[in-house]
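Everything below concerns the one structure shown next.
Bear in mind these aren't lab numbers, they're just calculated from the coordinates by the rules spelled out. Note that the structure is predicted; figures quoted are calculated from it, not measured. Ideal geometry is used to build each Cβ from the backbone, glycine not excepted, and the neighbour counts take in all protein chains shown.
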Amino acid sequence: MRPKISVLLPTYNEAENIEKCISGVSKTFNGLEYEIIVIDDNSPDKTWSVVENLKDQNPKVKLIRRMTEKGLSSAIITGMSAAEGENFLVMDSDLQHDESVLPQMLKSLEEGADVAVGTRYANGGSTGKWNFIRKFLSVTANAFTKFLLPIRISDPMSGFFAIKREVFFKYGYKINPIGFKILLEILGRAEKGLNIAEVPFYFRTRLHGETKINNSIARSFLMTVLDLRFGKWISSTFLLYSLVGISGVIVNLLGFILFENLGVKDLETGIGILPIFPSSVFFGIELSIISNFILNNYFTFYETRYEKWAAIRGFIIFSGVSALGIFVQLGIFQLLFYKILPRLGMSQNFELRLLCDLVAISIAMFTNYFLNSNLTWVDRVKKRP
């Protein structure tokens, strides 16, 4: 006979919290058939060892220690795949999720809900003692998600939820295991008509250990939302790279405008293929190369980024493979502004210089994307797991 409940606790460096978390869950479900599955990613602080000892005291506790795999979403999928319960309840093991609302989540499933979501933003829920910046980022992420995806709940970013076994196995094969917001994956890939209940809870303050929030989390979130919205047609990595490219266009144009207003003059080179060197165009290009490398290295390719002194080598490679893009932009600008416009009898004013540069930037951006995505980071992607 299956247990009624499988509580899934993904862990990484939670040795100081896991015993109290398991104790709280056990007291909450005392008298019911349940199991607690801890999925640990081989924590350096030996969280897995603490759980091994707890298993001897409580036979309902099970441990899955993953030696090579990493990541929150994949850990939860691993746990659900091994769970025996009729219902799965997912919560953090850092004591910030309130275990006292677990019975209400279970009740919601029994009353017909497919998924019960712990919410911090409706019906009395609270973010607790979050500072302004964290509240702002959370609200912004929720708003961004609701804008791009047809998910109409108050807290789609919640990591505290319950789901029926059959619902998970119906949609689980569609889930991208890379990321940290598995609820968002489930809701985003499920068919319309999924019955969702919301259960308010107070988000408690972490007392021990360190938060897992970092730049990689922000990137993972953006990749997840883009993939859910546009993944049927185009790669989310390409979209993220394109966003960086668009920011580079803005930097490029701002640099161009800045140096134009500073009165930096074009140089006569005497070289046949480049008789006139448009200085303001060049400075705009160089500023965009710097900004694009920083954003791509620490955002688009965060997991395979160049670090410390290696970043200099990465920038040199990035600049080298972008050189063709520079010549493409300069060449297109020269062709449009100094060849085509005069033949059309159009005056060579600032507005037309700006338009010609914008066209040249757009063409060069595609060239740079191809070269940098296939040369600059490709070896590092292959070397890292």
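In the chain, the calculated helix contribution to ellipticity at 222 nm averages -15500 deg cm²/dmol per residue, counting -39,500 (n - 2.57) for every DSSP H run with n ≥ 4.
For K308, a cut-off of 21 angstrom between C-alpha atoms picks up these lysines, skipping any fewer than 8 places away in its own chain: K382, K383. Applying 1/(1 + (r/R0)^6) with r as the Cβ-Cβ distance of S319 and Q348 and R0 = 30 angstrom yields a FRET efficiency of 0.50. Sparse packing (at most 13 other Cβ atoms within 10 Å of the Cβ) combined with a DSSP loop state is found for the following trypsin sites (Lys or Arg not before Pro) in segment 108-158: K129, R152. Net length available on complete extension from I312 to I217 is 31.7 nm, with 0.36 nm assigned per residue and the Cα-Cα distance removed.
Each Lys or Arg adds one and each Asp or Glu subtracts one; over the other residues with Cβ under 12 Å from the Cβ of Q104, this totals -4. Legend: distances between Cα atoms for K107/K174; K164/K232; K4/K62; K4/K146; K70/K107; K146/K174; pairs beyond 24 Å are K107/K174; K164/K232; K4/K146; K70/K107.
Let me know the Kirkwood hydrodynamic radius for the chain, please, with Cα pairs as the basis and the value in Å to one decimal.
24.0
Stokes-Einstein diffusion for segment 5-212 at 10 °C, viscosity 1.306 mPa s, with a Kirkwood radius from C-alpha pairs, works out to 92 µm²/s. Report the calculated FRET efficiency for Q104 and F238 (r = Cβ-Cβ distance, R0 = 51 Å), to the nearest 0.05. With R0 = 51 Å, the Cβ-Cβ based efficiency is 0.75. With a Förster radius of 56 Å applied to the beta-carbon distance between D45 and Y338, the computed FRET efficiency rounds to 0.30.
About its Cα centre, the dipole of the chain is roughly 340 debye, where the only charges are +1 on Lys and Arg Cβ and -1 on Asp and Glu Cβ. Here the simple spin-label model places points 7 Å from the Cα toward Cβ, and for L32 and I294 these points are separated by 5.1 nm. Counting only aspartates and glutamates at least 8 places from K20 when in the same chain, those with an alpha carbon closer than 18 Å to its own are E35, D40, D45, E52, D56, D92, D94, D98, E99, E210. Spin-label model, K129/R65: points 7 Å from Cα along the beta carbon direction are separated by 3.4 nm.
In this Cβ point-charge picture (+1 for Lys and Arg, -1 for Asp and Glu), segment 236-383 has a dipole of about 360 debye about its Cα centre.
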